[in-house]
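Colleague: Have a look at the structure that comes next, please.
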Amino acid sequence: MMQEIRFHGRGGQGTVVASIVLAKAFFKAGYYVQTFPVFGVERRGAPVEAYLRLDDTKILVRSNVYTPDHVLIQDPKLLESTDVTRGLKPGGWILLNAAEAPDRPEFSGYRVATVDAARIAIENHLGTRTHPMINTAMIGAFARLMKMPPMEIVAEAILREIPVKQDQNMAAARQAYEAVRF
């Protein structure tokens, strides 16, 4: 059964890279995948969306993702300016980069999971304190949430797609895999 995932982040956070790495991990795990970004104003800090489709059969759909099964929110400040639940299917997962789940009425009817990806990124020296690179932590948390793809395949995809600080990025993904709360 096809699943569609929407990623919300800001330019410079690695949102698009997260969708690509996760797509490559799912592909290696035997799924058909599609991934693509949507940019508005292409500048650092501007809101960015990326999409991922996966299925165990060939994907023939060639449109945007309008009704995602799940959403990943890399920047919790986007909750104030973006309707992150837009089109989200009832019962879908919301994975939020936050120390704890916020009490938000718009999250009613969805499953919410959190991971402090910013803290994990800082601990692993990914980015800076003011601009942590959280994408690999979010990937690891999502793999745990979905119970797929296997963490070892996620680590392989990180090695293939992220040429810098590979050990730290794999450590962040593994740490977030264990730390996600749902």
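Colleague: Could you work out the Rg to Rh ratio of the range 1-72, with Rh taken as the Kirkwood radius (inverse of the mean 1/r over all Cα pairs)?
Modeller: 0.98
Colleague: Same structure again: Per-residue counts of other Cβ atoms within 10 Å, averaged by peptide: what ranking do you get for 87-99, 16-28, highest first?
Modeller: Details: 87-99: 18.9, 16-28: 23.2.
So the peptides 87-99, 16-28, ranked by packing, come out 16-28, 87-99.
Colleague: Placing unit charges on C-beta atoms (Lys and Arg positive, Asp and Glu negative, everything else neutral), compute the dipole magnitude of the range 131-176 about its Cα centre in debye, rounded to 20.
Modeller: 140 debye
Colleague: When you count, for each residue, the other Cβ atoms within 10 Å and take the mean per peptide, how do 125-138, 56-69 rank with the highest first?
Modeller: Those peptides, ordered most packed to least, come out 125-138, 56-69.
Colleague: Could you give the distance between the Cα centres of the range 1-35 and the range 100-168, to the whole Å?
Modeller: 12 Å
Colleague: What order do you get for 29-37, 103-111 when each peptide is scored by the mean count of other beta carbon atoms within 10 Å, highest first?
Modeller: 29-37, 103-111
Colleague: Hey, another quick one. For the range 119-182, rounded, prolate or oblate, judged on the Cα gyration tensor with a ≥ b ≥ c (square roots of eigenvalues), a/c < 1.5 rounded, else prolate if a/b > b/c?
Modeller: oblate
Colleague: To continue, here is another question. Could you tell me which residue out of Pro150, Ala172, Thr67 lies farthest along the dipole of the range 36-182 toward its positive end? Charges go on the beta carbon: Lys and Arg +1, Asp and Glu -1, centred on the Cα centre.
Modeller: Ranked along the dipole, the leading option is Thr67.
Colleague: For q values of 0.13, 0.18 Å⁻¹, compute log₁₀ I(q)/I(0) with the Debye formula on a Cα-only model of the chain, without solvent.
Modeller: These q points yield log10 I(q)/I(0) values of -0.58, -1.19.
Colleague: Tell me, what is the 1.4 Å probe accessible area of Lys77, in Å² to the nearest 10?
Modeller: 150 Å²
Colleague: Follow-up question, since we're still on this one. Report the local net charge at Leu95: Lys and Arg +1, Asp and Glu -1, summed over other residues whose C-beta lies under 10 Å from its C-beta. Don't skip to the end; give the middle numbers.
Modeller: Working: positive: Arg111, Arg144; negative: none.
Result for the neighbourhood of Leu95: +2.
Colleague: Report the charge-dipole magnitude of the range 1-149 in Debye, nearest 20, computed about the Cα centre from +1 at each Lys and Arg Cβ and -1 at each Asp and Glu Cβ. If you can, show how the numbers build up before the last one.
Modeller: Working: 18 positive and 14 negative charges, 73 e Å.
Dipole size: approximately 340 debye.
Colleague: Further, regarding this structure: Enumerate the calculated ³J(HN,Hα) couplings along the range 100-108 in order (Karplus 6.51 cos²θ - 1.76 cosθ + 1.60, θ = phi - 60°), each rounded to whole Hz, writing x wherever the residue is Gly or Pro.
Modeller: 8, 6, x, 8, 10, x, 5, 8, 4
Colleague: Per residue, how much accessible area does the range 19-151 have with a 1.4 Å probe, in Å²?
Modeller: Accessible area per residue: 49 Å².
Colleague: Take the alpha carbon gyration tensor of the range 39-115, find the square roots of its eigenvalues, order them as a ≥ b ≥ c, and report rounded if a/c is under 1.5; if not, report prolate when a/b exceeds b/c, else oblate.
Modeller: oblate
Colleague: Continuing with this model, one more query. Using 0.36 nm per residue, how much length does the chain from Leu159 to Thr82 gain when fully extended, once their Cα-Cα distance is taken away?
Modeller: Net length gain for the segment: 24.5 nm.
Colleague: Report, in debye and to the nearest 20, how large the dipole of the range 83-182 comes out about its Cα centre when Lys and Arg carry +1 and Asp and Glu carry -1 on their Cβ. Each step should come with its number before you reach the end.
Modeller: Values: 12 positive and 11 negative charges, 32 e Å.
Result for the range 83-182 is approximately 160 debye, rounded to the nearest 20.
The values are calculated or read from the model by the stated rules, or taken from the named source; none is laboratory data. None of these values were measured; they are calculated from a predicted model. Every residue, glycine among them, receives a Cβ derived from its backbone with ideal geometry; neighbour counts consider all protein chains shown. What goes into the accessible areas is simple: the full protein's heavy atoms, side chains included, and nothing from ligands, DNA or RNA. Shrake-Rupley method; radii C 1.70, N 1.55, O 1.52, S 1.80 Å.
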